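The values are calculated or read from the model by the stated rules, or taken from the named source; none is laboratory data. From a predicted model like this one, the values you see are computed outputs, not experimental measurements. Backbone-built Cβ (ideal geometry, glycine too); neighbour counts: all protein chains shown.
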Amino acid sequence: MSKIAPSILNADNMNLGSDIQEAIDTGIKRFHIDIMDGHFVPNLSYGPELVKDFKEAFPNIEAEIHLMSNNLDVTIPAFVKAGADLVEFHYEATDQVEKWLNYLKDHNVKAGLVINPETPVEKIKPYLDLVDQILVMTVKPGFGGQSFRPDSDERISQVKELITASGKNIKIEVDGGIDDHTAEIAKNAGADIFVAGSFIFKKGPIAQQILKLENILV
């Protein structure tokens with residue numbers, strides 16, 4: 001199974017379905033869908049209807065929802081109802097992390113927790129029994145096309161150490177500035193899943209760009 005989760009935020013909105021299909025044709029099994037509310041981060045993106053349409057069009061492909069919102073009472077139930085396979089929300093967005101991880105478990109949706117670059121890695125430790133995935137942001141969240149932060153490999157390694165010590169099977173995902181150079185850095189630090197947007201959808205033919213990443217991540 002591909003370790004790559006293309007971020008559709010950077011795809012061509014006028015040809016979104018065909019861009020997604022082109023990636024699927026290379027073997028992609030999950031897509032990263034950035035949900036930005038204009039409040040927790042200063043950008044805006046998609047709503048639940050897009051996720052519903054995605055699952056209707058591609059029922060066997062995983063819809064991974066990266067929720068950049070601090071209005072979780074509204075947004076988490078809405079995207080669960082829309083058909084999300086995995087929902088990951090920010091540690092920084094709520095003081096009820098455990099409540100929302102349990103909510104996702106209770107609704108048979110995989111649960112992910114996201115940490116921003118400035119958040120100490122040890123903050124995730126109390127929640128390792130409840131998560132399927134930790135997303136380590138390697139840029140400041142909110143906009144595509146940023147550069148991979150140079151301290152990210154150390155943070156990924158620290159998350160890996162916490163997970164190993166817990167004995168849990170938790171995937172580490174990285175998001176931000178991922179290309180054929182930084183993916184190797186993140187992989188060597190312990191990352192399992194690689195979100196790539198601009199590199200896949202803006203730098204050349206989609207299949208060619210995915211293949212470049214695949215060759216590094218084997």
Members of the range 186-201 that are out of contact with any Leu (no Cβ under 7 Å at 6 or more places or on another chain), under 22 Å from Glu62 (Cα atoms) and either assigned to a loop (DSSP other than H, G, I, E, B) or free of Cβ contacts under 8 Å to residues at least 12 places away in the same chain (or both): Ala191, Asp192
From the options Ala84, Ala57, Ala63, residue that is surrounded by 17 or more Cβ atoms within 10 Å (Cβ to Cβ) and out of contact with any Phe, Trp or Tyr (no Cβ under 7 Å at 6 or more places or on another chain): Ala84
Close pairs (7 angstrom Cβ cut-off, 6 or more residues apart or separate chains): surrounded by 16 or more Cβ atoms within 10 Å (Cβ to Cβ) in the range 146-168, of a type in the set (S, T, N, Q) anywhere: Phe148/Thr138; Phe148/Thr182; Arg149/Thr138; Ser152/Thr138
Members of the range 182-218 that are crowded, with 16+ Cβ neighbours inside 10 Å, out of contact with any helix residue (DSSP H, G or I) (no Cβ under 9 Å at 6 or more places or on another chain) and not charged (D, E, K, R): Ile193, Val195
Residue within the range 172-185 that is among the hydrophobic types (A, V, I, L, M, F, W, C), modelled with pLDDT of 95 or more, out of contact with any strand residue (DSSP E or B) (no Cβ under 6 Å at 6 or more places or on another chain) and in a helix (DSSP H, G or I) present: yes
Of residues in the range 30-54 being exposed (fewer than 15 other Cβ atoms within 10 Å of the Cβ) and part of a loop (DSSP other than H, G, I, E, B), the one modelled with the highest pLDDT: Gly47
Enumeration of residues in the range 161-181 that are in contact with a helix residue (DSSP H, G or I) (Cβ under 7 Å, 6 or more places away or on another chain) and charged (D, E, K, R): Asp179, Asp180
Per-region count, the range 85-103, residues over 20 Å from Val174 (Cα atoms) and not β-branched (Val, Ile, Thr): 7
Qualifying residues in the range 85-121 (those that are among the charged types (D, E, K, R) and free of Cβ contacts under 8 Å to residues at least 24 places away in the same chain) - the one farthest from Asn70 (Cα to Cα): Asp106
Condition check for Pro126: over 11 Å from Ile172 (Cβ atoms), within 17 Å of the chain's Cα centre (by Cα), surrounded by fewer than 16 Cβ atoms within 10 Å (Cβ to Cβ) and not small (Gly, Ala, Ser): no
Matching residues, the range 129-160, being assigned to a loop (DSSP other than H, G, I, E, B) and under 16 Å from the mean Cα position of the chain (by Cα): Val131, Asp132, Thr138, Val139, Lys140, Pro141, Gly142, Phe143, Gly144, Gly145, Gln146, Phe148
